[in-house]
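So the structure is just underneath, and the comments pick up after that.
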Amino acid sequence: MSYQVLARKWRPRSFAALVGQEHVVRALTHALEQRRLHHAYLFTGTRGVGKTTLARILAKALNCETGITAAPCDKCAACVEIDAGRFVDLIEVDAATNTKVDEMRQLLESAVYSPTRGRFKVYVIDEVHMLSTSAFNAMLKTLEEPPEHIKFILATTDPQKIPVTVLSRCLQFNLKQMPPAAIAGHLQHIVSEEGVRADPGGLRLLAAAARGSMRDALSLLDQAVAYSAGEVTEAAVRGMLGAVDQGYLFDLADALAAGDAARALGIADAMETRSLSLDAALAELANLLHRVALAQVAPDALDAQLADRGRIAALAGRADPETVQLFYQIAIHGRRDLPLAPDEYAGFTMALMRMLAFTPAAVPEGAPTAAPAAAGGAAAPAPAAGRTGALGEWPALVGALKLSGAARQLAERSEFVAFADNVVELCLPPDAKALGEKIYVDKLKAALGAHLGAPVGLTVRVGATRGGSVAAIQEGERRARQDQAAASIQSDAFVRDLVEQFDGTVVDSSIKPAS
């Protein structure tokens, strides 16, 4: 007998066998028991969550020879034929390949005829959002006033593309992505029934890789059984998926928490040598940091069966919560920026160095720190050069920020004072005090965080400055160009002759330097 893949063999054939969709099962069960049957149902959700499976179970519930029931017998001819995909009154249509209006009209022409064998003629239209506008219009009349013997079950992964005129005529059920714990539990049941040896760690990895899809999880389980020669271990699944070994991640998190750049980059080099996916590494690092944050805030929320619970608790005790949150944010932003990096290794290591740069203990030695307040409460301003430690030159940084209006004026009129403990301190001259309102400060703070890939604090004080702001530097450069242009005019021989012969005067305000 030929082998049947697990995704087909273990496809649910009853409402009770469905995993993770209890809210939909409950509603349909009550409707069937009370005979409150609608003529059109719409199931939405991502791939592999059970939309078509649920449609077939509903078709059995409507046509079971024992009567309309929420628990089909699975023994009568109707149930057996529906499970086998050969029930004459169950018409399944793939809208992705039948998008045209003529095909829809041809399909609906048979709707007026009574069922051949069943109680209802059931039309299951998969990926219904792929139908053309004309095809939707052709279906609309039948959907609005269908014969008593017709039931429509529509399924889609993209309900936003379905016309509202169709949506308003359907009962809508949104199928949820299945949580990893539910998927792992179902996989454990399957391997037990199949006689396959599997450890919980390997099944958890498969559940996480399925991204909420039970069908994907079963396909991955099939692959893992073949890959591991019948013994699904965590190490085998990691090798199959190309997943990053947790040891690398814990070592990396330890190095980052300790501010050990050499060790962190050494671990990155080892991962690169093994050709591990560094994008997956950032994702796994973010996942680890999430668990560390849980251990710090709500230890009871961690899975009690987690194999690395002890290492997570130890890491939670060494790293302060603010640093964990910062690392998590940088890891998330690092994944977003990875396609823009010169290569994956460069993007990965830059994310690590960004974590180290923004850790308070990792501020470079000699970087400016907050100065004591001057007389009268004004902060002592920074040197005009505007150096910002890990941040680079302040004028160049301001030029790269995505700002406009008053928020940009705030950045340009402010003078850099210090960058310490992940907080940027600026000084604003008294004549620009109005720019220090909270709304403009918040916009500048958000722009700094977006540009740097991690949140930063921002303090703006009003006080005397020394000409280190972008606006002051630009004004100084403008005056220098103006003075140079005026000196050039005054020293020109032809201009001097004109002044002497005609008793003329050079109007300085009319002199414009070359752009």
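The values are calculated or read from the model by the stated rules, or taken from the named source; none is laboratory data. Keep in mind that this is a model prediction, so the values were computed, not measured. Using ideal geometry, Cβ is built from the backbone for each residue, glycine included, and neighbour counts are taken over all protein chains shown. In case anyone asks, the SASA skips ligands and DNA or RNA and just uses the protein heavy atoms, side chains included. Shrake-Rupley method; radii C 1.70, N 1.55, O 1.52, S 1.80 Å.
Sub-9 Å Cβ pairs linking a first residue in the stretch 451-473 that is under 15 Å from residue 435 (Cα atoms) and basic (Lys, Arg) to a second residue that is at pLDDT below 80 and surrounded by fewer than 18 Cβ atoms within 10 Å (Cβ to Cβ), at least 6 apart or interchain, are 461/373; 461/377; 461/378, ordered by first then second residue. Residue count for the stretch 236-264 under the criterion of being closer than 18 Å to residue 328 by Cα, assigned to a loop (DSSP other than H, G, I, E, B) and within 23 Å of the chain's Cα centre (by Cα): the result is 1.
Look through 302, 256, 315, 288 and report the one residue that is more than 22 Å from residue 453 (Cα to Cα) and either in contact (Cβ under 8 Å) with a residue 24 or more places away in the chain or touching a Pro at 6+ places or on another chain (Cβ under 8 Å) (or both). Steps first, answer last, please.
Details: 302 fails: either in contact (Cβ under 8 Å) with a residue 24 or more places away in the chain or touching a Pro at 6+ places or on another chain (Cβ under 8 Å) (or both); 256 fails: more than 22 Å from residue 453 (Cα to Cα); 288 fails: more than 22 Å from residue 453 (Cα to Cα).
Of the residues listed, the single one that is more than 22 Å from residue 453 (Cα to Cα) and either in contact (Cβ under 8 Å) with a residue 24 or more places away in the chain or touching a Pro at 6+ places or on another chain (Cβ under 8 Å) (or both) is 315.
Which ones in the stretch 175-217 are among the polar types (S, T, N, Q) and open to solvent by 10 Å² or more (accessible area, probe 1.4 Å)?
177, 188, 192
A search for C-beta distances below 9 Å between a residue of the stretch 123-135 that is within 27 Å of residue 148 (Cβ to Cβ) and without any contact (Cβ under 8 Å) to a residue 60 or more places away in the chain and any residue that is open to solvent by less than 40 Å² (accessible area, probe 1.4 Å) and among the basic types (Lys, Arg), counting only pairs 6+ apart in sequence or on different chains, returns 123/151.
Please find, within the stretch 113-127, the residue that is nearest to residue 79 (Cα to Cα) out of those that are aromatic (Phe, Trp, Tyr) and open to solvent by 20 Å² or more (accessible area, probe 1.4 Å). Top of the filtered list is 120.
Quick one: how many residues across the stretch 455-487 are at pLDDT below 85, part of a loop (DSSP other than H, G, I, E, B) and under 30 Å from residue 353 (Cβ atoms)?
Final tally of qualifying residues: 2.
Taking helices (runs of 4 or more DSSP H) as the structural unit, those lying wholly within the stretch 390-454 and holding at least 2 residues that are in contact with a Ser or Thr (Cβ under 8 Å, 6 or more places away or on another chain), of a type outside the set (A, V, I, L, M, F, W, C) and crowded, with 16+ Cβ neighbours inside 10 Å correspond to 405-413.
Taking the stretch 1-32 as the range and being open to solvent by less than 60 Å² (accessible area, probe 1.4 Å), farther than 23 Å from residue 216 by Cβ and under 36 Å from the mean Cα position of the chain (by Cα) as the test, the residues that pass are 27, 28, 29.
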